[in-house]
Every structure is written in structure tokens, then in C-alpha cells.
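Worksheet for the structure shown next.
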Amino acid sequence: MKLGIITDIHENVTMLEAVLKLAEAHRCDELACLGDIAGYDRRFYNYHFMRSARRCISLIKSNCRWVVAGNHDLFAAGRFPGYSNGYKYPESWFDMSPSERREASYGLVWSYEGEDPNDLGEEDLAYLNTIPEYSIVPGNGSRLLLSHYVCPDFTGSTTMYIAKQHQIRDLWKFMTINEILFSLSGHSHKPFAYFSHREPLSFLKAIHPVPGDSIYLGKEMTMILLPPVTGGNGRTSFSMIDTDTGMLYLKHDKVI
């Protein structure tokens, strides 16, 4: 199976359409979306003229077999994540201002300070409320974990980014219990793939970059962070795993 993986769309219709054309050209058998379909932070993005959360959800629903929720999807839907690093969300969370959310949470979770309004309708919001925080899917004798970010913070709703070995122990336990070989996530908006292995390359550092676009995954338990649909400088990306050969391919396009 050739599994195409897209992540971090952030309402960018033009780049999503370009990635779907790439996936079709490379004859992907199935597509998976790792979340953040919705969400537009005006502090970091400047493509307001080609954004539509509603249109992006429509494209994802009609093209992707597996879809998981990202932190921006949950916020757009008014939905609390399953993991919050010890912070207990107040019932009034979605009625609070960004500064109030930041102060109340002590910076433990995202406060969505630059989030602009979206064009989602009731049906779209209902959809975002039904997609899971993670999915475990088959892959030629092994199992793949699909999530927006890294276990236990599957949706990337906390402000903590994985950097050290001790921060990733829960993932290895989860993968071992569920007999998962590869964990696939986005969220970090890296320009290429970053890897962490069950048998670490470093005593302290958990994640290491692999700049190539054709990477053999091997047979070791591995976590992989994948590049976003909405990249910088008009560059969009999608990833493809060939479960027969064990190869990961990163495909890129220049859109604007």
C-alpha cells in the first residue's frame, strides 16, 4: 500500500489542492490527514485571500480514509483535548479572551492568541467533533499510529514540544502495548522529516532531522514528525509511505 499523509493545512485551500494533485500523480492507494485542517493564526500566516476551513474540510472528507484531530481543530469545534499536562480546563474556556486563557493556564496549553474567525458551518463543526485524537491502522504486517502530535499529547494542545528522551517514554510504552512499529505525526512544521528511535541515537536528545526525501524506515520502533501542507515561502509538502518497501518519500511543490 502507498499511504499518502498530509498534515497542518490551516485552511489553505490552494496548497491543499496542490498536495492532493501530487498524491494523485504518485498513485497513493489511501490518504490520511493528521489534523489542523482548521486554524489560521494571523501572526504567522498571510494567505487570507485563499483560505477556507469549510472548503478544506470538504476536500479532506472526500479524499482521506483516516483523519485525526489537531489542536486547532479542537479549538474551532469548542472541544477539550484528552490530555492537558495537568491543566484542568474551565467550562468558560472558549468564552475567555486569549489573554485570559493564557493567564489562567500558566502557559501550559495554547491560548490561540492570533486565531482569526473561520467559515465553518454546523455540519463542519459536527464533523470536527467526531474525528478521533489518534488512529491505529494496518501496514503490511505492522501497525501505524496516526496522530497530530506525540503520545500522550496526541492533539498537540499543550505548549510542550518533545526534545529530550524522558519526554517520549509514554510513546514507546503505548506503541509496545499496541504493537505499533511507526508513529506518524505533524504539528511541528519542520521543513523535512524528524525521527526518534526506540533505541536512541543520543542519551539526551530525542529527535533528529533526516534531510533526505527518500528514507528507508527499517524495522525498528520509530516516531516520525512530517512536514506540513502549509509550509513557508510558498512550499507545500506531503509524505508517502510504501508499506511494501518500507520507504518514506517526501514530495514537495512550490505553490506561490
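If the reach is capped at under 26 angstrom between alpha carbons, list the lysines near Lys164, excluding any in the same chain fewer than eight residues apart.
Lys88, Lys173, Lys190, Lys205, Lys219
Take the chain, connect every pair of alpha-carbon atoms lying under 10 Å apart with a spring to form a Gaussian network, then pick out the residue of Met221, Met50, Met15 with the largest mean-square fluctuation.
Evaluated over the chain, the most mobile residue of the options is Met50.
Give the shape of the chain as rounded, prolate or oblate, defined through the alpha-carbon gyration tensor: a ≥ b ≥ c are the square roots of its eigenvalues, a/c under 1.5 means rounded, and otherwise the shape is prolate if a/b is larger than b/c and oblate if not. Please list the in-between numbers first.
Values: a/c = 1.65, a/b = 1.17, b/c = 1.41.
Because a/c hits 1.5 or more and a/b fails to exceed b/c, the chain counts as oblate.
Count charges around Gly232 for me, please; just the other residues with Cβ under 12 Å from its Cβ, Lys/Arg as +1, Asp/Glu as -1.
On the way: positive: Lys190, Arg235, Lys254; negative: Asp8.
For residues surrounding Gly232, the net value is +2.
Out of the range 179-244, which trypsin sites (Lys or Arg not before Pro) are coil in DSSP terms and have no more than 15 other C-beta atoms within 10 Å?
Details: sites: Arg198, Lys205, Lys219, Arg235; in loops: Arg198, Lys219.
Sites meeting the loop and neighbour criteria: Arg198, Lys219.
Between the range 174-240 and the range 124-152, how many Å separate their Cα centres?
So the two Cα centres are separated by 16 Å.
I'd like the accessible area for Phe174: 1.4 Å probe, protein heavy atoms, all chains in place, Å² to the nearest 10.
40 Å²
Using a Gaussian network model of the chain with C-alpha springs under 10 Å, which one of Glu17, Glu91, Glu100 is most mobile by mean-square fluctuation?
Fluctuation is largest for Glu91.
Enter the accessible area of Tyr134 (Å², nearest 10), with the probe set to 1.4 Å and all protein chains included.
Roughly 90 Å² of Tyr134 is accessible to a 1.4 Å probe.
Divide by every residue of the chain the summed helix terms, -39500 (n - 2.57) for each DSSP H run of at least 4, and state the resulting mean residue ellipticity at 222 nm, rounded to the nearest 500 deg cm²/dmol.
Numbers: 6 runs with 55 residues, N = 256.
Per the formula, -6000 deg cm²/dmol.
Rounded, prolate or oblate: which one fits the range 98-207, using the alpha carbon gyration tensor with axes a ≥ b ≥ c (rounded when a/c is under 1.5, else prolate when a/b beats b/c, else oblate)?
oblate
Counting only heavy atoms of the protein chains, get the accessible area per residue of the chain (1.4 Å probe) and round it to a whole Å² value. Provide the component values of the computation, followed by the final result.
On the way: 11700 Å² over 256 residues.
That works out to 46 Å² per residue.
Give me the percent of the accessible area of the chain that comes from carbon and sulfur atoms, probe 1.4 Å, all protein chains in place.
It is 50 percent, rounded to a whole number.
When the chain is modelled as a GNM with alpha-carbon springs shorter than 10 Å, which of Asn85, Asn63, Asn233 fluctuates the most?
Among Asn85, Asn63, Asn233, the largest GNM mean-square fluctuation belongs to Asn233.
Testing the spin-label approximation: label points 7 Å from Cα along Cα→Cβ at Asn46 and Gln165. State their distance in nm.
4.3 nm
The values are calculated or read from the model by the stated rules, or taken from the named source; none is laboratory data. Given the structure is predicted, the values throughout are model-derived calculations rather than measurements. Virtual Cβ from ideal backbone geometry, glycine too; neighbours counted across all protein chains shown. Protein only, heavy atoms only, side chains kept; ligands, DNA and RNA dropped before computing areas. Shrake-Rupley method; radii C 1.70, N 1.55, O 1.52, S 1.80 Å.
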